[in-house]
Every structure is written in structure tokens, then in C-alpha cells.
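In what follows, a single structure is set out as C-alpha cells and then discussed.
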Amino acid sequence: MYDWRRMTQEERRAALALRKAERRPWHRPPHRDCGEGAYHLTAACFEHASVIGATPERMAECERELLDTLARHSERIHAWCVLPNHYHALVDTPDVEAVLAAAGTFHGRTSFRWNGEDRRRGRRVWYSCQERAIRSERHFWATVNYTLHNPVHHGYVGRWEDWPFSNAREYLAAIGRGEAARIWKQYPLLDYGRGWDDPDM
């Protein structure tokens, strides 16, 4: 995500020239509207600072507002997870551009409020929200596993259901632990998401 900082000036000039030639945004990957379907959304705090995780109350507030925002433009939210410095969500939506626009408004609103609370006016809170279209059943279930496993992956808890800011408990209650274990084995993470949450990327 932050490879730009490790580039030489010559590499930066070449990258910008390529993006300009292809009429792509200069620094951020373009959003692709692949039509109606399932999408994995992820957004991180700028430089992975733990702005969301300043307090448990803010974590709960972020989760509540994020779900309200996504629900207005999604037919279903399959999985979500809010961590101290980023979030993941897997949604079905007829209009991913509307979801991304709503996420941008959510980011702006929370940035203003949290910067006021922290007396940090002008601080950049969010990096961006990115979407990945779900390509197959395997991709879908691997994304569910990745999203719900994220708090364990980052060492916050030992079990999915111990993290309060996700739908892991509801998911396990709905399908049962046996079925969840089968899905985990059938759709392993392997290298899924490698580097996404690395603050040095």
C-alpha cells in the first residue's frame, strides 16, 4: 500500500508517467465497477495508525456506523470485522460505486469527529476504501474465512468468537461449528491477503 515511499525518484517518475498514460489515478488504484454482485471491501487508517481503536466505545461506534452505511447500499452483509486500524466487509450490492461513495462520506464524517475528540485537527485518518469483486465460490468462502479470522491473525484474540467487533459469533451460530470447520478446511487462506495489512506495504 505504501510502496511509493520506498521508490527512488526515478521509479516514482516512471510510475506516474505510466498512470498518466493509462489515464489512471496517479497514486491510488482505480475503482472497478464490475456490476451487481459480491465485493470484499477493506479500508485502513492512514499509515495503519490505531485511530479506530482509541477506545472500546469508538470501536463500537465505528462498527455501528459502518454497518449502517453499508446496509443502505447493500442487499446483504455476509461478513465484517472492525479492528483498531482497519476494517473488512463482504457485501452483496447492486451498485458498488454507491457503496464506495457512502464509505467516503463515512470516512469524512468519522475523521472530523475523531480528530475533534483527539484534538488533532488536520490529521489524516483514513487511507482509502478499496473493493475486490468476488470471482467464484472459492473466492467468496476464502473471503469469509479471511475476514472473520483477521482478529486472530493479528493476535488480538485466540478465537473468532472472542472478538466483539465482527459477526463471527452470529456466523458460527447460524451454520454451526462443524460446517464452519469444513468451510475453513475446504477454502484455506493460503496466501490470501498477504501484505494487505502490513503497515510497511
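The values are calculated or read from the model by the stated rules, or taken from the named source; none is laboratory data. Because the structure is a prediction, the values reported are computed rather than measured. Please note: Cβ atoms are built from the backbone with ideal geometry, for glycine as well, and neighbour counts cover all protein chains shown.
Yes or no: Met1 under 19 Å from Arg124 (Cα atoms) and either crowded, with 17+ Cβ neighbours inside 10 Å or modelled with pLDDT under 65 (or both)? Yes. Quick check on the range 81-103. Is at least one of its residues farther than 22 Å from Arg58 by Cα, among the hydroxyl-bearing types (Ser, Thr, Tyr) and in contact (Cβ under 8 Å) with a residue 12 or more places away in the chain? Yes, because at least one residue in the range 81-103 is farther than 22 Å from Arg58 by Cα, among the hydroxyl-bearing types (Ser, Thr, Tyr) and in contact (Cβ under 8 Å) with a residue 12 or more places away in the chain. When Asn150, Asn115, Asn145, Asn85 are checked against the criterion of being modelled with pLDDT of 95 or more, among the polar types (S, T, N, Q), touching a Lys or Arg at 6+ places or on another chain (Cβ under 8 Å) and assigned by TED's automatic domain parsing to the domain that holds Thr42, a single residue qualifies: Asn115.
Going through (1) buried (at least 17 other Cβ atoms within 10 Å of the Cβ); (2) modelled with pLDDT of 95 or more one by one, Cys129 falls short only on (2). Please find, among Leu67, Leu90, the residue that is in contact with a strand residue (DSSP E or B) (Cβ under 8 Å, 6 or more places away or on another chain), part of a helix (DSSP H, G or I) and modelled with pLDDT of 95 or more. Within the list Leu67, Leu90, the selection yields Leu67.
Being part of a strand (DSSP E or B) and of a type outside the set (D, E, K, R) is the filter; apply it to the range 70-87 and report the residue that is surrounded by the most Cβ atoms within 10 Å (Cβ to Cβ). Working first, answer last.
As a first pass, look at the range 70-87 and keep what is part of a strand (DSSP E or B): 76-82, 86-87.
Retained after the next criterion (residues that are of a type outside the set (D, E, K, R)): 77-82, 86-87.
Details: Ile77: 17, His78: 19, Ala79: 22, Trp80: 21, Cys81: 24, Val82: 27, His86: 22, Tyr87: 23.
Applying the filter and picking the extreme gives Val82.
Please work out if Cys62 is part of a helix (DSSP H, G or I), at pLDDT 95 or above and in contact with a Ser or Thr (Cβ under 8 Å, 6 or more places away or on another chain). Against the criterion (part of a helix (DSSP H, G or I), at pLDDT 95 or above and in contact with a Ser or Thr (Cβ under 8 Å, 6 or more places away or on another chain)), Cys62 qualifies.
In the range 42-58, what count of residues is obtained for those that are of a type in the set (Val, Ile, Thr) and surrounded by fewer than 19 Cβ atoms within 10 Å (Cβ to Cβ)? Result for the range 42-58: 1.
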